[in-house]
1. Roughly what would the spin-label model give for R15 and D371, points 7 Å off Cα along C-beta, in nm?
2. So if we plug the beta-carbon distance of L339 and E263 into 1/(1 + (r/R0)^6) with R0 = 30 Å, what FRET efficiency do we get, rounded to 0.05?
3. Which one, A279, T265, V292, projects farthest toward the positive side of the charge dipole computed for the stretch 254-387 from Cβ point charges (K/R +1, D/E -1)?
4. Which aspartates and glutamates, on any chain, are close to K156 with Cα under 20 Å apart, when same-chain ones fewer than 8 places away are left out?
5. In whole Hz, with x marking every Gly and Pro, tabulate ³J(HN,Hα) for the stretch 342-350 from phi via Karplus 6.51 cos²θ - 1.76 cosθ + 1.60, θ = phi - 60°.
6. Can you list the HN-Hα couplings for the stretch 41-49, worked out from phi with the Karplus curve (6.51, -1.76, 1.60; θ = phi - 60°), rounded to whole Hz and with x for Gly and Pro?
7. Taking H placed 1.01 Å from N in the peptide plane, check which residues at least 5 places from N74 or on another chain put their amide H under 5 Å from its amide H.
8. With the contact rule set at Cα under 8 Å and sequence spacing of 6 or more, what percent relative contact order holds for the stretch 297-348?
Amino acid sequence: MAAHRTVETSPTIGRLLSAKEIVIACGPGGVGKTTTAAAVGAMAAAEHGGRVLVLTVDPARRLADALGLKGIGNEEVRIADEVFKEAGITPRGELWAAMLDTKKSWDDLIRRHAPDVATREKILANPLYQNISGRFVQSHDYIAMERLYEIHSEGKYDLIVVDTPPTRNALDFLDAPQRLADFFSSRLLRWLIAPYRSRLVNAATRPFYSVADRILGTQFLADISEFFVLFQSMYDGFVARSDAVTRLLSDRRTTFMVVSTLEATPLREAEFFSTELTARKLHLGAIILNKVLPDYLRDSSTARLAQHMADRVDTLGEGLTDDPVVAARVLREVAESFLHFGIVARREAEQQDELKGAPDILVTVPYFDADIFDMEGLLRLGQQVWD
């Protein structure tokens, strides 16, 4: 009896995401991360079916334009099938999009988790909360994780693609739940709420409050104290949610996709983040390198042809124009430019081989002739990434 042969297939983004529920796109700014996240989401909706959500944490008007929307807000909006059909594809599933609204998300969080109606209304009416709920330290990063957890828990989507802030800030995005929980048990918070709980302060802290009273005013200190006292009433909820989010990020259903280019600075940041993911034991599913020079620039035969042109510009330029000097100059610049790009392309190939981290998949995407501004462009990019 003939032995059965196992057919091995190369890993692809498409196969990776077929087994995932959350993919978090991260990386340095200016490398096409938001567009790549949207392209991956569009391909998942078109190829896999089901319901796919692209949740952007880093606001980008271009994303709304490419998806055929006037704008994107906190609530998920479905992308019309007609947008796909205009690009020549009938999707198997549904594509949805949302952009984090920090202030509204915090208000919704308070309404859900305040221990009672009175506490909820006091927090929402607190002047300090109204002014800084969208700005204070870790606010944006924490609420992004809260929103991701909330949407995933609802179970409405088969895949959620999250577009994060640029790399170094994305680490804050990952650490925000624990940092905020730590803040609620910190010495600084105890100092801030002491005036509200008691005007009797000890000798060590009295100078601090005396200076703060003069600079900030008694009412402002009271607002600060009241705000954090009320927030402390939700401490247990914050800690429980922080633990749940941490478990979600390390769950086998979650993967990370680092997007970069091969330029020196973005590549260093991408390597830094890939190393951090590995150290945190988070799944590094893929590294996607955008704007990579094509393979033919590294081909030795094409390089020899370019060198041949550079060496014989005087002969090759005969009859091309009335001015043989101009013809020779143009041909020489073309040949030398090709050779220069060949050097860069070979260096890029070396950089790919030297990439730190161990992603399941390494994808390279070539330069596109035009900017991506519609669904057709997103799908063209998505097809480059997908297979």
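Since every read-out is calculated from the coordinates, none of them should be taken as a lab result. These numbers were taken from a predicted model, which means no experiment stands behind them. Here the Cβ is made from the backbone with ideal geometry for all residues, glycine too, and neighbour counts use every protein chain on show.
1. For the pair R15/D371, the computed spacing is 3.7 nm.
2. 0.90
3. A279
4. Result set, ordered by chain and number: E21, E47, E75, E76, D81, E94, D101, D108, E146, D251.
5. Taking θ as phi minus 60°, the curve returns x, 4, 4, 4, 5, 5, 4, 4, 5 Hz for the stretch 342-350.
6. Computed from phi, the couplings for the stretch 41-49 are x, 5, 5, 5, 5, 6, 9, 8, x Hz.
7. Here M99, D101 satisfy the definition.
8. 46 percent
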